[in-house]
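Chemist: Below is a structure I'd like to ask you about.
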Protein chains: 2
Amino acid sequence: MSPINPPLATKLGGLKSSAIRDLLELTTREEVISLAGGLPDAELMPRERLVAAADAALSGSAVLQYTGSRGWPPLRDVLRRRESVKLGRAVGLEEVFVTHGSQQALSLLAEVLLDPGALVVVEDPAYVGALQVFRAAGARIVAVPLDSEGMRLDVLKELLVRGERPTVVHTVSNFHNPGGVTMSPPRRRELAELADTYGFWVIEDDPYGELWFDRPSPDPVATYSRNVIRLSSASKILAPALRVGWMVAQERICRAVELLKQGADLCGSALTHQIAADLLTDETWLTGHVEAVRSAYGDRAKALVHAVRTRFGDRVTCTDAAGGMFVWADFTDGTDTDRLLPRALEHGVAFVPGSAFAVDTDYSHSMRMCFTTSDAATLAEAIDRLARAAE
Amino acid sequence: MSPINPPLATKLGGLKSSAIRDLLELTTREEVISLAGGLPDAELMPRERLVAAADAALSGSAVLQYTGSRGWPPLRDVLRRRESVKLGRAVGLEEVFVTHGSQQALSLLAEVLLDPGALVVVEDPAYVGALQVFRAAGARIVAVPLDSEGMRLDVLKELLVRGERPTVVHTVSNFHNPGGVTMSPPRRRELAELADTYGFWVIEDDPYGELWFDRPSPDPVATYSRNVIRLSSASKILAPALRVGWMVAQERICRAVELLKQGADLCGSALTHQIAADLLTDETWLTGHVEAVRSAYGDRAKALVHAVRTRFGDRVTCTDAAGGMFVWADFTDGTDTDRLLPRALEHGVAFVPGSAFAVDTDYSHSMRMCFTTSDAATLAEAIDRLARAAE
């Protein structure tokens, strides 16, 4: 048997497995209430509607074949119509590209846009799936902290004034994973203006925008500039198993991504594309379905935040959970969440320590909690256990 | 608006769109009989069995969620059992990895195994999907010609004796695309021995092995060495829309591919994985189904070869079409197939000229013809038209 090739050995050493996935392995014991996951609730996925759509798709004639690399045309068309409403302009079909989950869009975009050493600005704490892709592309990564209005543009502007020239700025604009916050409308407009002025691309990563609880998400950053590449996904509103994500971008970007998609996996699944198109086209049903998901998640989010505030008082501050899937919490009393985790597991509750998402900032007193897959009573019990672990 | 980033411009220029895909655009006019495609026949895909499997999958409880990066475990298990039979040894679950079509396996393997400048040996004529991936990885590509027994190992050995040290040797071992030939058993054993001696990886790309017409395909190259990474796919026997390919490889390779898969697209579709597992597990049904596909393709292949030999006589030699989807033909009278194509289109027939697959060898008198999607009478008519165009 030959020795491991040097490139393989190098690449094995250079990549880290997703911290969240490794943690999930530890927290799936039945007696543990896990707030550590990041999964939508399978019970809320529209099983019967999916059966009907699968039957309809399979009764057609062309749906089992290879499809174009940009995605099944009727799916691209319904996405075009929906994104036109969101962006307040007529989005062209040539600007819409379907990917194998929005993670694939991130990965192909990194390949298209970044050469080794290119500067990428991410948010701190960061979405680890993006961080992984940008690191693998050999990018130089600089992190800009979040506050309650999203990415701190004062810090970004300092970087720009110092002469830093990012190729890409990545933001999770709505209900940040893990930070829980939403970028404010004035910052959205300003970020877009900075992109135009300094000639960088913004990747607006928006899987959670439809999951607002009290008021609709603000207009996308992409409303304000064509230098914003907008990503979204059916995973959080329909089902991850469809593996349907999409990108809205300038046609030249779509063309470049198309060439890479052909090498990466040729094309998506005409079957899951047709199912997704069916559900996304059925507007009356979809509106009701998404409202039901919002309502369930909203109740859970409020229960979690209420429990944290009641049980911890001033010892913890946490985000309001106005949408999405996550609450971000900071211990104000010096509790170290890396150290808290093993004690929490002993008490039967799991979360993800802030350090898992930290780039440049110290988040050792922070944690991410996911509220999607437990009911209100279970979430209250989880916070009781956490409080006992933290005593 | 900012100018195109230099990396984007560079990468747009450096990549070529798949020649086959561009050609397909030209040959879909209704009056043209296309032998240019490379698609399995949608009419032979098991629509009703797929509906039943989709219904069964959607009646479960976990199938709509994200799944592990290595694939849905029961699918990996049935693949493990099937590959154990093929390889004549107990294949471990940790050696089986499901990819988004086998193209994704090629793409992730190139990322794992190749650094820019690494030497990759391909067959000439080459499978263009592999060529595209290896070129994008910055590999140095050397092509070894095929003959009627597959890759010419005498040429490969000359390279090795000259001191060339490939990192990867890629082969389509059964019913080559585009070359039509199958590697003989003695060459399979010898290629595996060379891999062990010289410490290179063989990627045995085998999407067509089940589609034999007269006698079963020989034992895989992977039978003879653990340095052979074996790829296959459900696309040609079930349906491309499942996007289910798989890799059988050493566990360390699977681990490295897993890290990259997380960044590339997180995971496959639990829905299409469950459907594929259902169909692959149903052995009695599957045997009958694959026999029906073989029988239909075998009849078409023989009709095409018969028509070529009858119509062209000594002016054309072509492969026997013992399986797979393609016949490779060489004009012996100096006909240039690049020049023939526009005349053939005027006469209402399309094929792919050999130049589309050529790496180092001159295939300007050759062509690839796909027999899967036309009946025997249509194939005979296609060859009549081609003969008139070639007059």
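Chemist: Which of the helices (runs of 4 or more DSSP H) contained wholly in the range B:1-114 include at least 2 residues that are open to solvent by less than 10 Å² (accessible area, probe 1.4 Å), more than 7 Å from chain A (Cβ to nearest Cβ) and at pLDDT 85 or above? Before the answer, list the steps.
Modeler: Working: elements: B:6-14, B:19-26, B:47-58, B:73-87, B:102-113.
Here the list reads B:47-58, B:73-87, B:102-113.
Chemist: For the range A:148-200, which residues satisfy the criterion of being hydrophobic (A, V, I, L, M, F, W, C) and within 18 Å of the chain's Cα centre (by Cα)?
Modeler: Looking only at the range A:148-200, we keep the residues that are hydrophobic (A, V, I, L, M, F, W, C), and these are A:151, A:153, A:155-156, A:159-161, A:168-169, A:172, A:175, A:181, A:183, A:191-192, A:194-195, A:200.
Result: A:151, A:168, A:169, A:172, A:175, A:181, A:183.
Chemist: Confirm whether residue B:345 is within 14 Å of chain A (Cβ to nearest Cβ) and modelled with pLDDT under 95. Before you say what the answer is, go through the steps one by one.
Modeler: On the way: within 14 Å of chain A (Cβ to nearest Cβ): no; modelled with pLDDT under 95: yes.
It is false that residue B:345 is within 14 Å of chain A (Cβ to nearest Cβ) and modelled with pLDDT under 95.
Chemist: Continuing with the same structure: What's the total number of residues in the range B:54-94 that are closer than 28 Å to residue B:226 by Cα and aromatic (Phe, Trp, Tyr)?
Modeler: We begin by selecting, within the range B:54-94, every residue closer than 28 Å to residue B:226 by Cα; these are B:67-94.
Next cut, aromatic (Phe, Trp, Tyr) only: B:72.
Selection size over the range B:54-94: 1.
Chemist: Of these, B:187, B:165, which one is in contact with a strand residue (DSSP E or B) (Cβ under 6 Å, 6 or more places away or on another chain) and more than 18 Å from residue B:207 (Cβ to Cβ)? Spell out the reasoning first.
Modeler: Details: B:165 fails: in contact with a strand residue (DSSP E or B) (Cβ under 6 Å, 6 or more places away or on another chain).
Criteria check complete, one pass: B:187.
Chemist: Please list, ordered by first then second residue, the pairs with beta carbon atoms under 9 Å, 6 or more apart or interchain, first in the range A:354-367 and free of Cβ contacts under 8 Å to residues at least 60 places away in the same chain, second open to solvent by 30 Å² or more (accessible area, probe 1.4 Å) and assigned to a helix (DSSP H, G or I).
Modeler: As it stands, the answer is A:355/A:19; A:355/A:338; A:362/A:355; A:364/A:338; A:364/A:339; A:364/A:355, since those pairs meet every condition given.
Chemist: If you don't mind, there's one more thing I want to ask. Residue check: is residue A:354 within 27 Å of residue A:130 (Cβ to Cβ), buried (at least 16 other Cβ atoms within 10 Å of the Cβ) and touching a Ser or Thr at 6+ places or on another chain (Cβ under 7 Å)?
Modeler: Working: within 27 Å of residue A:130 (Cβ to Cβ): yes; buried (at least 16 other Cβ atoms within 10 Å of the Cβ): yes; touching a Ser or Thr at 6+ places or on another chain (Cβ under 7 Å): yes.
Spelling it out, residue A:354 is indeed within 27 Å of residue A:130 (Cβ to Cβ), buried (at least 16 other Cβ atoms within 10 Å of the Cβ) and touching a Ser or Thr at 6+ places or on another chain (Cβ under 7 Å).
Chemist: What number goes with the only condition from (1) over 20 Å from residue A:146 (Cβ atoms); (2) in contact with a Gly (Cβ under 8 Å, 6 or more places away or on another chain) that residue A:219 does not pass?
Modeler: Of everything listed in (1) over 20 Å from residue A:146 (Cβ atoms); (2) in contact with a Gly (Cβ under 8 Å, 6 or more places away or on another chain), residue A:219 misses just condition (1).
Chemist: Is it the case that the range B:134-146 has a residue that's outside any helix (DSSP H, G or I), open to solvent by less than 20 Å² (accessible area, probe 1.4 Å) and modelled with pLDDT under 95?
Modeler: No, that holds for no residue.
Chemist: Can you name the residue in the range A:76-101 that is among the small types (Gly, Ala, Ser) and in contact with a helix residue (DSSP H, G or I) (Cβ under 9 Å, 6 or more places away or on another chain) and, of all such residues, is farthest from residue A:223 (Cα to Cα)? Quick ask: steps written out before the conclusion?
Modeler: Here is the first cut: in the range A:76-101, the residues among the small types (Gly, Ala, Ser) are A:84, A:88, A:90, A:92, A:101.
Going one step further and asking which of them are in contact with a helix residue (DSSP H, G or I) (Cβ under 9 Å, 6 or more places away or on another chain), we end up with A:88, A:90, A:92, A:101.
Details: A:88: 7, A:90: 11, A:92: 14, A:101: 22 Å.
Out of the qualifying residues, it is A:101.
Chemist: Output the residues belonging to the range A:27-53 that are polar (S, T, N, Q) and free of Cβ contacts under 8 Å to residues at least 24 places away in the same chain.
Modeler: Answer for the range A:27-53, where residues must be polar (S, T, N, Q) and free of Cβ contacts under 8 Å to residues at least 24 places away in the same chain: just A:28.
Chemist: Go through (1) open to solvent by 40 Å² or more (accessible area, probe 1.4 Å); (2) modelled with pLDDT of 95 or more; (3) in contact with a Lys or Arg (Cβ under 9 Å, 6 or more places away or on another chain) one by one and return the number of the condition residue B:331 breaks.
Modeler: (1)
Chemist: I would also like to ask the following. All but one of (1) without any contact (Cβ under 8 Å) to a residue 60 or more places away in the chain; (2) over 20 Å from residue B:233 (Cβ atoms); (3) within 14 Å of chain A (Cβ to nearest Cβ) hold for residue B:136; state the number of the condition that does not hold.
Modeler: With (1) without any contact (Cβ under 8 Å) to a residue 60 or more places away in the chain; (2) over 20 Å from residue B:233 (Cβ atoms); (3) within 14 Å of chain A (Cβ to nearest Cβ) applied to residue B:136, the lone miss is (1).
Chemist: Also, I was wondering about something else. For the range A:115-132, which positions are outside any strand (DSSP E or B) and either open to solvent by 10 Å² or more (accessible area, probe 1.4 Å) or more than 23 Å from residue A:263 (Cβ to Cβ) (or both)? I'd like the intermediate steps shown before the answer.
Modeler: Within the range A:115-132, the first condition is being outside any strand (DSSP E or B), and the residues that meet it are A:115-118, A:125-132.
Result: A:115, A:116, A:117, A:118, A:125, A:126, A:127, A:128, A:131, A:132.
Chemist: Determine which member of the set B:373, B:361, B:317 is more than 21 Å from residue B:206 (Cα to Cα), assigned to a loop (DSSP other than H, G, I, E, B), open to solvent by 10 Å² or more (accessible area, probe 1.4 Å) and β-branched (Val, Ile, Thr).
Modeler: Numbers: B:373 fails: more than 21 Å from residue B:206 (Cα to Cα); B:317 fails: assigned to a loop (DSSP other than H, G, I, E, B).
That would be B:361, the only listed residue that is more than 21 Å from residue B:206 (Cα to Cα), assigned to a loop (DSSP other than H, G, I, E, B), open to solvent by 10 Å² or more (accessible area, probe 1.4 Å) and β-branched (Val, Ile, Thr).
Chemist: Among the residues of the range B:221-240 satisfying the criterion of being more than 16 Å from the chain's Cα centre (by Cα) and touching a residue at least 60 places away in the same chain (Cβ under 8 Å), which is nearest to residue B:203 (Cα to Cα)?
Modeler: Of the range B:221-240, the ones more than 16 Å from the chain's Cα centre (by Cα) are B:222-228.
Then drop every residue that is not touching a residue at least 60 places away in the same chain (Cβ under 8 Å), which leaves B:222-223.
Working: B:222: 9, B:223: 13 Å.
Selected residue: B:222.
Chemist: Restricting attention to the range B:123-155, report how many residues are in contact with a helix residue (DSSP H, G or I) (Cβ under 7 Å, 6 or more places away or on another chain) and more than 23 Å from residue B:353 (Cβ to Cβ).
Modeler: Qualifying residue count for the region: 4.
Chemist: Of the residues in the range B:115-125, how many are away from every other protein chain (no Cβ under 14 Å) and out of contact with any Asp or Glu (no Cβ under 9 Å at 6 or more places or on another chain)? Steps first, answer last, please.
Modeler: Going residue by residue through the range B:115-125, those that are away from every other protein chain (no Cβ under 14 Å) are B:121-125.
Applying the additional criterion that residues be out of contact with any Asp or Glu (no Cβ under 9 Å at 6 or more places or on another chain) yields B:122-123, B:125.
Number satisfying all stated conditions: 3.
The values are calculated or read from the model by the stated rules, or taken from the named source; none is laboratory data. The shown structure was predicted, so the numbers you read here are calculated from the model rather than taken from an experiment. Every residue, glycine among them, receives a Cβ derived from its backbone with ideal geometry; neighbour counts consider all protein chains shown. Note: accessible area is taken over every heavy atom of the protein model, side chains too, but ligands, DNA and RNA are not part of it. Shrake-Rupley method; radii C 1.70, N 1.55, O 1.52, S 1.80 Å.
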